[in-house]
Amino acid sequence: MRAVAQAQPNIALVKYWGKQNLADNLPAVGSLSITLDSLWTRMEVEFSSELRNDRLLIGGHHDDEMLARVSGCLDQVVGTDRDRAIIQSETNFPIAAGLASSASAFAALVMAADAACGKSHELLSLARMAGRASGSAARSFYGGFVELRVDGRRIDTVQLLKDDEWPLHVVVAITAETAKPLGSTEAMIRSAESSPFYSSWVERQDEDLGAAREAVGERDFAKLASVAEHNCLKMHSVMWTSRPSIVYWNRATLSCMQTVRELQNSGVPVFFTIDAGPQVKAVCLPAAADQVAAALQETSGVSRVLQSNLGHGARLVASA
Ligand code: DP6
């Protein structure tokens, strides 16, 4: 009745932004991501008939804010007539600051809950259940390069390449450690309701997905860099033109983008991507990792850099 699972965050190179359906949390667009290796979330789930309510501890502290979302996710995996559970989460990177902590958290949660209650759902079902809690979580069940497709009223997940089939490196420049001002769910709803660019964002997504899929298939770094930066800037343009506007960047975010441009101008194979937060993720070929990390560390406003290779999908660490 107890299990522990670990999942790593993933970073979208073609982004999910917008929902087709709020009740099922069905994305309005497909997305394509890379799964990281050295950042992780571990979730322990223990069901007990003696508990009256679910209890959630994040980093050893009770957290009632996230509890309803976590309990709803357990209901999906196990059923609403389940035993209550103690859920404990540990993570080795800053949470709620645009580093995809909900992706690794809900992937690990669903996998641990499934094992703890002995259900053994297949991977795609687990991904769909996690996706209902947080869209990006569906991608963290797979390693390497992952595409999420929206197929009618469901999602499908496809692993395009394993982590060692095109071993890219990621440097995350941390520019603020505080929680983001607006959660991505709320921000997506606002974007869909008010940005004049939202409909063209949705309409053009398949073009970007096609280009990125091709770039991954051909291991064409320049092509991937071009579509990923374009797609990221389009998503942020949608956010910026929402009312009220949604701006997750700070001064250092722009300075980091400038650093990446300078590196590119001197021939370094690197590109940036930015999610619903102020951190800048620089994706590069492994030979450029040290140079990219040093340049971002020296950029004004960067408190520290995190580095990661590509990694595996969610996995069970223990179960009893
Ligand atoms: C900008 O998966 O956090 O990181 O489904 O509302 O929980 P919810 O959203 P979430 O959104 C991720 C948005 C993004 C882009 C991406 O990861 O594709």
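Taken together, the values in this text are just the output of simple stated rules run on the coordinates, not laboratory data. Predicted model, so just to flag it, every value in this text is computed and none were measured. Cβ coordinates were reconstructed from backbone atoms using ideal geometry, including for glycine residues, and neighbour counts include every protein chain displayed.
A few comments on the model shown:
- Split the chain at each of the trypsin sites (Lys or Arg not before Pro) in a DSSP loop with at most 10 other beta carbon atoms within 10 Å, and the longest piece is 154-320.
- Which of 312, 230 has the fewest Cβ neighbours within 10 Å, and the rest in rising order: 230, 312
- Between helix 184-194 and the chain: long-axis angle, C-alpha atoms, 0 to 90°, nearest 10: 60 degrees
- Sorting 248, 16 from the fewest to the most surrounding beta carbons within 10 angstrom yields 248, 16.
- Estimated dipole of segment 59-98 in Debye, rounded to 20 [Cβ of Lys and Arg +1, of Asp and Glu -1, Cα centre]: 80 debye
- Couplings 3J(HN,Hα) of segment 56-62, computed from phi: 10, 10, 10, x, x, 10, 4 Hz, in residue order, whole Hz [Karplus 6.51 cos²θ - 1.76 cosθ + 1.60, θ = phi - 60°; x for Gly and Pro].
- Each Cα pair under 8 Å and six or more residues apart adds its sequence gap; the mean of these over the residue count of segment 234-320 is a relative contact order of 23 percent.
- Lysine pair number, Cα distance threshold 23 Å (strictly under), the chain, separation 8 or more or different chains: 14
- The dipole here belongs to segment 217-320: it is taken about the Cα centre, uses +1 on the Cβ of Lys and Arg and -1 on the Cβ of Asp and Glu, and is about 300 debye.
- Mean Cα-pair separation over length for segment 156-305, i.e. relative contact order, pairs under 8 Å, 6 or more apart, %: 37 percent
- Residues of segment 9-46 with amide N under 19 Å of the 7 Å Cα→Cβ point at residue 214: 13-15, 30-33
- About the Cα centre, charge dipole magnitude for the chain (Lys/Arg +1, Asp/Glu -1 at Cβ), debye: 400 debye
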